[in-house]
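Note sheet for the following structure.
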2 protein chains.
Amino acid sequence: MTLVAAIDRDPAEELVSKLCRVVAGFKLGIPLLLRYGAAYAHRLRKLCRDALWIADLKLADIGSTMVASVEPLLGAVDAFIAHAVVGVEGALDQLANTLEEHGTKLVLVVAMSHPGASSLYNKLVEDNIEVARRIRAWGVVAPATMPELVALVRSRLPEVKVFSPGVGAQGAKPGDALCAGADYEIVGRLITSSPDPLEVAKKVLAEQKKRLERCWKP
Amino acid sequence: MTLVAAIDRDPAEELVSKLCRVVAGFKLGIPLLLRYGAAYAHRLRKLCRDALWIADLKLADIGSTMVASVEPLLGAVDAFIAHAVVGVEGALDQLANTLEEHGTKLVLVVAMSHPGASSLYNKLVEDNIEVARRIRAWGVVAPATMPELVALVRSRLPEVKVFSPGVGAQGAKPGDALCAGADYEIVGRLITSSPDPLEVAKKVLAEQKKRLERCWKP
């Protein structure tokens, strides 16, 4: 399965129950987690226990604060997303150690999907990839809206899971990032804002499959 | 008043009540907000209504997600902290518009205080300062542990409030950042982990004052 649903809004419980059988996982966003607190993530998890659950805190702080931030969510999720750009010493080193102790995965943002990222954040993509390598991140986030960056990340980090947001509302088409080498496409509003989220999720999966059949041909 | 207390841990209500009369404001961190949810921030605010309240979400996401993240906290805080490094278009432009509509201030991290920041994040300090200027941020965050960066930010952005974390547990001394041009020093664990937070806060204020008297002399 190649689809991760980004759950940033209500009715989250309904969305999780509906999508459980068709998605690889769920990415829980800050808006929902802040509104309801960490206990809510533990409740949501029970609705689809075997999916890959990711807390998308986009952590970007000193080590002690990132460690304290993940604590209330340990056990509710399988992975946390942090920003590679904060660097290793005194920051991601401490987070990585804590997550490893708890058998929890680290996913690092190495490039972002919005237009303004190109002139600033994404200039650091090579440094960010190096951080992901040094810290042995399990996964990285690279934008479906910029498939050339997905391909770069894929070539530099062949063993790492690549997650690509930006499909749907931000403009990338289902399968674009998979063709460039991503393992999962993250889809939010296209699915969660739809009157029939399950139907849209199935349609995205079908489109991914169709696109993947074509992208490998010369 | 030149001291902002970083409240990241329990007993937050007791800390706020005790410190209310001596600090300029409170910075609420992600660990506490995640643990208890946004409603908790609204309750804390009532314990010291006239202080400057800052939600330190270290926002670093696309615009729509940052906007959705601040929504449950509007009214509880006067300002939000986001990362300049995510850039303007499709990110900070949308956040800045939303905050302006709600009469809420934007504070941007332009440089960070941990050792690993020097080799990555802080390389972008000039670009980050330019983002703060473009987006007309009310304030910026620059590290007390690296006073040369505080001085740089102060010289480039004379009208902007400069907040400096890193005092105490991270090694900077009270007054170091103020001497370099900061408006406020942010102090967390040194105060909040103490058995007598009020006494320590008063001591920090006294040390800041003493240091300020010396730093302006040649």
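The values are calculated or read from the model by the stated rules, or taken from the named source; none is laboratory data. The structure displayed is predicted, hence computed values, not measured ones. We place every Cβ from the backbone using ideal geometry, glycine too, and count neighbours over all the protein chains shown.
Couple of notes before you dig in:
Matching residues to (1) more than 9 Å from chain A (Cβ to nearest Cβ); (2) in contact (Cβ under 8 Å) with a residue 60 or more places away in the chain; (3) more than 17 Å from A:D61 (Cβ to Cβ); (4) in contact with a Pro (Cβ under 7 Å, 6 or more places away or on another chain):
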position: B:P72; (1), (2), (3), (4): no, no, yes, no
position: B:G75; (1), (2), (3), (4): yes, no, yes, no
position: B:A82; (1), (2), (3), (4): yes, no, no, no
position: B:E89; (1), (2), (3), (4): no, no, yes, yes
position: B:L92; (1), (2), (3), (4): no, no, yes, no
position: B:R133; (1), (2), (3), (4): yes, no, yes, no
position: B:R136; (1), (2), (3), (4): yes, no, yes, no
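- Filter result for the condition that a residue is within 23 Å of B:H114 (Cβ to Cβ), buried (at least 16 other Cβ atoms within 10 Å of the Cβ) and out of contact with any helix residue (DSSP H, G or I) (no Cβ under 6 Å at 6 or more places or on another chain), over B:V167, B:V200: B:V167
- Here the condition is being surrounded by fewer than 21 Cβ atoms within 10 Å (Cβ to Cβ) and hydroxyl-bearing (S, T, Y); of A:S118, A:S113, it holds for A:S118 alone.
- Checking A:V88, A:V131 one by one, the residue that is out of contact with any strand residue (DSSP E or B) (no Cβ under 8 Å at 6 or more places or on another chain), farther than 27 Å from A:R211 by Cβ and hydrophobic (A, V, I, L, M, F, W, C) is A:V88 and no other.
- Hits in region B:147-161 - residues which are surrounded by fewer than 24 Cβ atoms within 10 Å (Cβ to Cβ) and either touching a helix residue (DSSP H, G or I) at 6+ places or on another chain (Cβ under 8 Å) or within 12 Å of another protein chain (Cβ to nearest Cβ) (or both): B:P147, B:E148, B:A151, B:L152, B:R154, B:R156, B:L157, B:V160
- Residue list for region B:1-26, filter: without any contact (Cβ under 8 Å) to a residue 24 or more places away in the chain and part of a helix (DSSP H, G or I): B:E14
- Residue among A:V167, A:V150, A:V160, A:V140 that is at pLDDT below 95 and more than 14 Å from A:L19 (Cβ to Cβ): A:V167
- Of the residues screened, A:V16 is not one that is away from chain B (no Cβ under 11 Å), closer than 16 Å to A:P165 by Cβ and in contact with a Leu (Cβ under 6 Å, 6 or more places away or on another chain).
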